[in-house]
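Heads up: the structure comes next, in structure tokens.
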Amino acid sequence: MATTKSTTPNMIDTFREFKETKNIDRTTLMSVLEESFRSVIARIYGSDENFSVIVNPDKGDFEIYRNRVVVPDGEVQDENKEISLSEAQKIEPDYEVDEDVSELIDFNKFGRRAILNLRQTLVSKILELEHDALYSKYKDKVGDVVSGEVFRSWKREVLLVDDENNELILPKSEQIPSDVYREGMTIRAVVHRVDNENNNPKIILSRTSNVFLQRLLEAEVPEISDGLISIRRIARMPGERAKIAVESYDDRIDPVGACVGVKGSRVAGIVRELGNENIDVISYTDNDKLLIQRALAPATITSIRINEEERKAEVYLKPEEVSLAIGRNGLNIKLACMLTEYTIDVFRDINEEEEEEDIYLDEFNDEIEQWILDSLKAIGLDTAKAVIRAPRELLTEKADLEEETVENVLNILKAEFDDETAAEEEK
């Protein structure tokens, strides 16, 4: 058997290594090897049409045969397909005209360049197969939770590897802000998308996606996976707080209680997984007013006026409830807006006596810039006393005002009431 003993064992070892590490099946490997050999043969002979390639990757060898038809001497028109009778009889003395000759080709005689071309072709095709296998594996896993080991962490992304050593990317934008990644850690995330530009697949993961929270809930709450409870909506500020609206298809099941679990046992693990992200679970309803009321919990609402066409809602609360509705850094009202898909404005619900004693902010537009008044009204503070009674943190963070500006506004508003009190005392 004429085989390339000096080069092929190493090459076949390389192919076998690819097969073992990249999980390429034997049939596919043989097909790739044969295709690669034929590619080199076609370059040398102009065509691979009349060649037979037999590959045995398990033994680490191969055979190449050139098949030609015997023609009378002097009548050879295509040396690739025809062989003269005298040349054929040098191979086997009993060959006759019109018989088929299969001649074993020594690949070593192709030369060093041909062998290098073969190796490069093979590496290219193996990598292409690897990319195809990776894309096929993950394109149907979009939306599924996967685990990976942190291989390396950079400023803009974290590189993870799965159990088959495939690379997975967790961009900074898809990381929970409080997360810390160290090499060797096992991380769970949802497959966010699979990019495949120029047949170079990139598996993008996410821990901030709503789908990730949904999948974690589905894993922890059997009633969800059994179809008895449905997750209708999710609103998240990753790593800080989330609101989830759930609905039960069985009147005997409390959807909120089932999701939270006894003493919060079912959400406890999810909260830890998400960097202590607080999770509020509410019961879903098609009644928009009621949904808004539930979404603004723990605040208690006095009344609501909604505009369904513009998806806007005006919510009235007692003065002491306003800060609860808005929440720290405005987080509660932001999530409520996201969950209900309404733009929600909150207002203090004051009685007539209080209203007579109070002054609308627009009355101060000659002393306070209009944009400052608009910022205060945007967070539900439309009167002077509402601003004076509001927590300082609410004015600086939710209204996005500087400390100095807040101090100046408060001095102006308080002075108005001080002047009124002094005038009353003079009378």
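The values are calculated or read from the model by the stated rules, or taken from the named source; none is laboratory data. These numbers come from a predicted model, not from an experiment. Glycine also receives a Cβ, built like all others from the backbone with ideal geometry; neighbour counts cover every protein chain displayed. What goes into the accessible areas is simple: the full protein's heavy atoms, side chains included, and nothing from ligands, DNA or RNA. Shrake-Rupley method; radii C 1.70, N 1.55, O 1.52, S 1.80 Å.
For the stretch 85-170, which GluC sites (Glu not before Pro) pass both filters: DSSP loop (anything but H, G, I, E, B) and at most 10 other C-beta atoms within 10 Å?
Answer in residue order: Glu96.
Could you check which residue among Glu49, Glu79, Glu393 shows the biggest mean-square fluctuation in a GNM of the chain with a 10 Å Cα cutoff?
Glu79
What do you get for Rg/Rh of the chain when both radii come from the Cα atoms and Rh is the Kirkwood radius? The partial results should precede the final answer.
Working: Rg = 37.4 Å, Rh = 28.6 Å.
So for the chain, dividing Rg by the Kirkwood Rh gives 1.31.
In cubic angstrom, how much convex hull volume per residue do the alpha carbon atoms of the stretch 62-211 span?
Considering the Cα atoms of the stretch 62-211, their hull volume per residue is 180 Å³.
What does the charge add up to near Ser147, with Lys and Arg as +1, Asp and Glu as -1, over the other residues with Cβ less than 10 Å from its Cβ? Mind showing how you got there, number by number?
Numbers: positive: Arg188; negative: Glu149, Asp162, Asp163.
Combined, the nearby Lys, Arg, Asp and Glu give -2.
With the other protein chains left in place, how much accessible area per residue, in square angstrom, belongs to the stretch 83-172 at a 1.4 angstrom probe? Intermediate values should be presented prior to the final figure.
On the way: 5590 Å² over 90 residues.
Each residue of the stretch 83-172 exposes 62 Å² on average to a 1.4 Å probe.
Give me the accessible area per residue for the stretch 212-273, probe 1.4 Å, as a whole number in Å².
Result: 48 Å² per residue.
For the stretch 114-159, which trypsin sites (Lys or Arg not before Pro) are in a loop by DSSP, counting at most 10 other Cβ atoms within 10 Å?
Qualifying residues, ordered by number: Lys155, Arg156.
Take the residue pairs Lys289/Lys334; Lys334/Lys377; Lys139/Lys202; Lys243/Lys263; Lys243/Lys385; Lys289/Lys318 and return only those whose Cα atoms are more than 20 Å apart.
Lys243/Lys385
Roughly how many percent of the accessible protein surface of the chain is carbon and sulfur, given a 1.4 Å probe and a whole-percent answer?
Here carbon and sulfur together make up 43 percent of the probe-accessible area.
Can you give me the accessible area per residue for the stretch 283-354, using a 1.4 Å probe, in Å²?
Numbers: 3750 Å² over 72 residues.
With the other protein chains kept in place, the stretch 283-354 gives 52 Å² per residue.
When the Karplus curve 6.51 cos²θ - 1.76 cosθ + 1.60 is applied with θ = phi - 60°, which whole-Hz ³J(HN,Hα) does each residue of the stretch 403-417 get, with x for Gly and Pro?
4, 5, 5, 4, 4, 5, 4, 4, 4, 5, 5, 5, 4, 4, 6
State log₁₀ I(q)/I(0) for the stretch 237-355 at q = 0.13, 0.15, 0.21 Å⁻¹ as given by the Debye formula over alpha-carbon point scatterers of equal weight, solvent excluded.
-0.56, -0.73, -1.19
Could you work out the helix-only [θ] at 222 nm for the chain, with each DSSP H run of four or more residues adding -39,500 (n - 2.57) and the total divided by the number of residues, to the nearest 500 deg cm²/dmol?
Calculated from helices alone, the mean residue ellipticity at 222 nm is -12500 deg cm²/dmol.
What dipole magnitude, in Debye to the nearest 20, does the stretch 235-304 give about its Cα centre under +1 on Lys/Arg Cβ and -1 on Asp/Glu Cβ?
That gives a dipole near 240 debye.
List the residues whose amide H sits under 5 Å from the amide H of Val71, counting only those 5 or more places along or on another chain, with H placed 1.01 Å from N in the peptide plane.
Ile83, Ser84, Leu85, Asp98
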